[in-house]
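Report on the structure given below.
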Amino acid sequence: MTDLKSARSFLFVPGDRPERFDKAVASGAHAIIIDLEDAVSPKDKADARFNIIKYLNEVEDGNILVRINDAESAFYEDDLDVAQHPNLSGVILPEGQHSACN
């Protein structure tokens, strides 16, 4: 995959659809964003986090990012555990949240 600085195409994949992770990586997109936010229903968020961590444990290279839930949500703290995974290339802030520091 391309370096993130020169990435031009980003493909979102719902975190509760692990069967799509490898397909997304193979798609040719410069970066894959596995979504924990609005693409995943509240009842499926814990499973999505499990899926993402399991997948990240199996990959070592690739431009894989994760979009987390808003800091005001009940899911934020658990999402931060995923965001710290060493095989993750970065974190995408939730829609409407432009900065983690105000």
Report summary line: Those residues of the stretch 10-34 which are over 14 Å from Phe50 (Cβ atoms), touching a Leu at 6+ places or on another chain (Cβ under 7 Å) and not hydrophobic (A, V, I, L, M, F, W, C) amount to Ser27
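Residues are listed down the side, and each one gets a yes or a no for (1) polar (S, T, N, Q); (2) surrounded by 14 or more Cβ atoms within 10 Å (Cβ to Cβ):
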site: Glu58; (1), (2): no, no
site: Glu72; (1), (2): no, no
site: Asp78; (1), (2): no, yes
site: Val82; (1), (2): no, yes
site: Asn87; (1), (2): yes, yes
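What are the residues in the stretch 1-21 that are part of a helix (DSSP H, G or I) and surrounded by fewer than 13 Cβ atoms within 10 Å (Cβ to Cβ), if any? It would help to see each step written out before you state the result.
Taking the stretch 1-21 as the starting set, the residues that turn out to be part of a helix (DSSP H, G or I) are 4-6, 18-21.
Lys5, Ser6, Glu19, listed by residue number.
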Report task. May I ask you to list pairs of residues, at least six apart or on different chains, whose Cβ atoms are under 7 Å apart, with the first in the stretch 41-58 being under 12 Å from Arg17 (Cβ atoms) and the second being modelled with pLDDT of 95 or more and part of a helix (DSSP H, G or I)? Result -> Asn51/Pro18; Ile52/Val82; Tyr55/Pro18; Tyr55/Phe21
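A quick yes/no check of all residues on (1) of a type outside the set (Gly, Ala, Ser); (2) surrounded by 14 or more Cβ atoms within 10 Å (Cβ to Cβ); (3) in contact with a strand residue (DSSP E or B) (Cβ under 7 Å, 6 or more places away or on another chain); (4) under 23 Å from Asp81 (Cβ atoms):
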position	(1), (2), (3), (4)
Ala24	no, yes, yes, yes
Ser27	no, no, yes, no
Asp38	yes, no, no, yes
Ser41	no, no, no, yes
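The values are calculated or read from the model by the stated rules, or taken from the named source; none is laboratory data. Because the structure is predicted, anything quoted here is derived from the model rather than measured. Neighbour counts run over all protein chains shown; Cβ positions are idealised from the backbone, glycine included.
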